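Asker: Let me give you the structure first, and then I'll get to my questions.
Since every read-out is calculated from the coordinates, none of them should be taken as a lab result. Because the structure is a prediction, the values reported are computed rather than measured. Backbone-built Cβ (ideal geometry, glycine too); neighbour counts: all protein chains shown.
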Amino acid sequence: MRKKLTGYALAVPMILGFTLFYVIPACIMVWYSISFGIGKREYVGLDNFMELFENEMFLLALKNTFRFLAICVPTIIIISLVIALLLQKISKHSMVLKTVYFYPMLMPIASIVLLVRTIWGEHLQSTKAFVVLCLLYLWKFFGYHVLIFFARLQMIPCTYYDCAELNGASGWGKFRYITLPFIFPVIGFNVVLAIMNAFKCYREAFLLGGEYPDESIYLLQHFINNHFQNLNYQRISAAAVLMLFIFCSASLIIWGFYKIARRMSNE
Amino acid sequence: MSRKDSVFLKIFLISLAIIVISPIVHMIWMSFGAEGDFSFQAYYRVFLTEPGYLVKFWRSLLLSTLIALGQTLLSCITAFAFKNYKMRGTKVILCIMVLFMILPIQVTLLPNYLLLNYLNLLNTWWTLLLPNIFAPFGAVWLTFILMTIPKEYIEAASLDGAGVVTVLCRIVVPMIKAPLVTLFLISFVDSWNMVEQPITFLQEARSYPLSVFLVIMNEQNVTTQSVCGMLCLIPVTLLFFYYHEEFVDGIADAFALH
């Protein structure tokens, strides 16, 4: 009995703070998104969401965000997987290289912004801003994924590869039957992380393009930020709840895939 | 793998590394006066004659250190509580924490703003400290790490009469020293780079931490801007050089564990 109390007492500060700053705000968000009114709020159901989908800027932001995700996430996963595989073949100096690749993720954006403005300033006002943002994202985060893939690849015992070679497997065969099943769970993680980091790229877009950047990099968070000034709580809450919903469903889908893959490999 | 292939591979990977580092090298070059005359003038300005930048630097450093320390301590205690004591609802709480870990900040930004406004904390640095100290990442990660520690150590200690504090300080913390350091570093870097919270919660540009101030400031001289960029880069780079193994191994282990 006393043991349990100590446990509760230890965990309470964090749980309280977490609830106060994360859970309750999320609940308030959900309530704001389904209600309307200044002062006294009334339940309006899904009206806010319907209004949101008729908003041109929101649709633009949504389209841009999905375009960014659809292009950058697979690219970064494939690139980092390839580089992790290549790194594995020269394991002697891989530590230094891995460290170097990881460094851009830690660099403060403030330091990069000036540089990007100097080199690519004129492109930032045109549709090429999207390309700049993609490149920034790839540069910043590929080292992170290389690290994770590399750590997982190291766990594959090389006896598997030797066996395969003795049995005459080609390079592609070895990859498909040995490497891929091993790193399959990690790919799911990496996808979730890549999506998370892609949303963080809003910082670069904001600092480079300002509050109203060029059309091609106007992301969801820009939309939310701009309506902040108008105190248009409904729109912000609806957009944020939509984001929450996207994330939940993406995580659930990936978790579902993972469970199915596990079950299939156990059979 | 033939020697020639291996050499090509090495050249490719090393040139990739050079491309990755080139922005920083470029910035260092620019900070010394890119117009042709190599001078320390910009450094002189930033470090000696205009104290504003350095003041911001030290204040941001203090803020990031406080956030990192707070998060590490709190996560350590909480992870220990989750792991050691059988409480109902731990799994549910952990699931919720994992969900919030991957959400972007915008989801909770507005209500946080309203809440902090209600508490009259808006223009102070408490708004940056508090939500970040209670960030769920540390607790979740340390809970998973603690799962790898055998229970017997803690049970043996309690049988010998150790109280909670002793068990925590003398047994658990030394065993997870490396992940704790990694958590501190990650937390520090995250708070050093934070952009959305200062812009939303702080209304005066004067009180922005360094990460945001550099971009908002009206400085025409490119060289001075580069030096400020370097200034912003220094703590992270130093920490990285000194602790790069903890960073790399910590992150790799976190995901190789599953």
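Asker: Which values, in whole Å and largest first, are the semi-axes of the equivalent ellipsoid of chain A obtained as the square root of 5 times each eigenvalue of the Cα gyration tensor? Intermediate results must be reported in sequence, preceding the final value.
Answerer: Working: eigenvalues 301, 152, 74 Å².
Equivalent ellipsoid semi-axes, largest first: 39, 28, 19 Å.
Asker: To continue, here is another question. How long, wide and thick is segment B:114-258, going by the Cα atoms along their three principal axes, in whole angstroms, largest first?
Answerer: Each principal axis gives a Cα extent; for segment B:114-258 these are 65, 41, 27 Å.
Asker: Then there's this: Give me the tail of P(r) for segment B:1-132 as a percent: Cα-Cα pairs with distance above 21 Å.
Answerer: Everything past 21 Å amounts to 72 percent.
Asker: May I ask for the Kirkwood hydrodynamic radius of segment A:1-153, worked out over all distinct Cα pairs and given in angstroms to one decimal?
Answerer: When all Cα pairs of segment A:1-153 are included, the Kirkwood radius is 20.5 Å.
Asker: Just list whichever of A:Lys4/A:Lys259; A:Lys89/B:Lys4; A:Lys128/B:Lys10; B:Lys83/B:Lys177; A:Lys63/A:Lys200; A:Lys140/B:Lys10 have alpha carbons separated by over 24 Å in the model shown.
Answerer: In this structure, A:Lys4/A:Lys259; A:Lys128/B:Lys10 lie more than 24 Å apart at Cα.
Asker: So for segment A:122-265, what are the equivalent ellipsoid semi-axes in whole Å, largest first, each being the square root of 5 times an eigenvalue of the Cα gyration tensor?
Answerer: Whole-Å semi-axes of the equivalent ellipsoid: 41, 20, 10.
Asker: Using every alpha carbon pair in segment A:133-207, what percent of pairs falls into each 10 Å bin from 0 up to the bin containing the largest distance?
Answerer: 17, 37, 25, 15, 6, 1
Asker: Once each part is reduced to its C-alpha centroid, what is the distance from segment B:138-154 to segment A:228-255 in angstrom?
Answerer: 33
Asker: In the Gaussian network model of chain B, springs joining C-alpha atoms below 10 Å, which of B:Thr182, B:Thr108, B:Thr127 carries the largest mean-square fluctuation?
Answerer: Checking each option, the largest mean-square fluctuation is seen for B:Thr108.
Asker: Still on this structure, I have one more. Cα centroid distance between segment B:170-211 and segment B:1-31, in Å?
Answerer: 31
Asker: Let me know the charge dipole size of chain A about its Cα centre in debye, to the nearest 20, where only the beta-carbon of Lys, Arg (+1) and Asp, Glu (-1) is charged.
Answerer: Here chain A has a charge dipole of around 1120 debye.
Asker: Can you give me the three principal axis dimensions of the protein assembly as shown from its C-alpha atoms, in Å, biggest first?
Answerer: 70, 66, 51
Asker: Follow-up question, since we're still on this one. Using the charge dipole of the protein assembly as shown (Lys, Arg: +1 at Cβ; Asp, Glu: -1 at Cβ; taken about the Cα centre), state which of B:Ser187, B:Val98, A:Asn230 has its Cα farthest towards the positive end.
Answerer: Result: B:Val98, furthest along the dipole toward the positive end.
Asker: What is the spin-label model distance, in nm, from B:Ser22 to B:Phe241 if the labels are put 7 Å beyond Cα along the C-beta direction?
Answerer: So the two model labels end up 2.4 nm from each other.
Asker: Further question on the same structure: Roughly how many Å is it from the Cα centre of segment A:198-225 to that of segment A:116-159, as a whole number?
Answerer: 18
Asker: Could you give the spread of the C-alpha atoms of segment B:150-219 along their three principal axes, from largest to smallest, in whole angstroms?
Answerer: So the extents along the principal axes, rounded to whole Å, are 63, 20, 14.
Asker: If packing is taken as the average number of other Cβ atoms within 10 Å across a peptide's residues, how do B:158-166, A:148-156 rank, most packed first?
Answerer: The packing order, highest mean first, is A:148-156, B:158-166.
Asker: Give, rounded to the nearest 20 debye, the magnitude of the charge dipole that the protein assembly as shown has about its Cα centre when Lys and Arg contribute +1 at Cβ and Asp and Glu contribute -1 at Cβ.
Answerer: Dipole of the protein assembly as shown, to the nearest 20 debye: 1400 debye.
Asker: Using the scaling law 2.2 N^0.38 Å as the reference, what is the normalised Cα Rg of chain B?
Answerer: Taking the Cα Rg and dividing by 2.2 N^0.38 Å, one obtains 1.24.
Asker: As a check on your grasp of the helix formula, calculate [θ] at 222 nm for chain B: sum -39500 (n - 2.57) over DSSP H runs of n ≥ 4, divide by the residue count, round to the nearest 500.
Answerer: -23500 deg cm²/dmol
Asker: Hydropathy first: keep DSSP H helices in chain A averaging at least 1.6 on Kyte-Doolittle, then drop any whose Cα extent along the axis falls short of 27 Å, and list what survives. Mind dumping the intermediate values first?
Answerer: Numbers: long enough: A:56-89 (50 Å, 1.69); A:129-154 (38 Å, 1.58); A:180-200 (30 Å, 1.71); A:233-266 (49 Å, 0.89).
Counting only whole DSSP H runs, the qualifying helices are A:56-89, A:180-200.
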